[in-house]
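Structure record follows, encoded as structure tokens.
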Amino acid sequence: MHQILIIGTGSIGERHIRCFLETGRTKISVCEKDRALLRRIETDYDVSHAHEDWYDALSGHPKGVVIATPANLHIPMALEAAESGCHLMIEKPISTGFLDLEDLQKRLLE
């Protein structure tokens, strides 16, 4: 089974958790800075790991990362995940501006 990390567990992130788990083909770890929300997700879903710090979560070497955080965090998080060798799924919009977008494109095409 592949380990998938979902960063951000608001309504969109939670939908990804539910859908990935329904496949029966993945283990899910989550990252959420809101401690109360993180505890609820742990209670409601069969997640293998729950983290408040996304660098800590990324150190678990997931196969893929779903970034479901506010759009201003998408590019910096995607760059870090790509540098770690993870496959990426980034919620839309990809960013709030063009800063670092070209760097991400180059990294993903290497």
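Quick rundown of the values:
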item: Point-to-point label distance, K63-L37, nm (Cα→Cβ direction, 7 Å offset); result: 2.7 nm
item: Apportionment of accessible area to carbon and sulfur, the chain, percent (1.4 Å); result: 53 percent
item: Cβ-based net charge around K27, under 15 Å, with every Lys or Arg adding one and every Asp or Glu removing one; result: 0
item: FRET efficiency estimate (nearest 0.05) - Cβ-Cβ, D44 to L79, R0 30 angstrom; result: 0.45
item: Fraction of the pair-distance distribution of the chain above 24 Å, Cα-Cα pairs, percent; result: 19 percent
item: Computed [θ] at 222 nm, deg cm²/dmol, the chain (DSSP H ≥ 4; -39,500 (n - 2.57); rounded to nearest 500); result: -12500 deg cm²/dmol
item: Computed magnitude of the charge dipole of region 18-110 (debye, nearest 20; Cβ of K, R +1, Cβ of D, E -1); result: 280 debye
item: Listed residues K33, K27 arranged by accessible area, highest first, probe 1.4 Å; result: K33, K27
item: 1.4 Å probe accessible area per residue over the chain, in Å²; result: 60 Å²
item: Over region 10-110, relative contact order from alpha-carbon pairs under 8 Å, at least 6 apart, %; result: 21 percent
item: Accessible surface of L37 - all protein chains present, 1.4 Å probe, nearest 10 Å²; result: 40 Å²
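The values are calculated or read from the model by the stated rules, or taken from the named source; none is laboratory data. What you see is a predicted model; the values in this text were computed from it and never measured. Cβ: placed from backbone, ideal geometry, glycine included. Neighbour counts: every protein chain shown. Accessible surface is based on the protein model in full, side chains and every heavy atom, while ligands, DNA and RNA are left aside. Shrake-Rupley method; radii C 1.70, N 1.55, O 1.52, S 1.80 Å.
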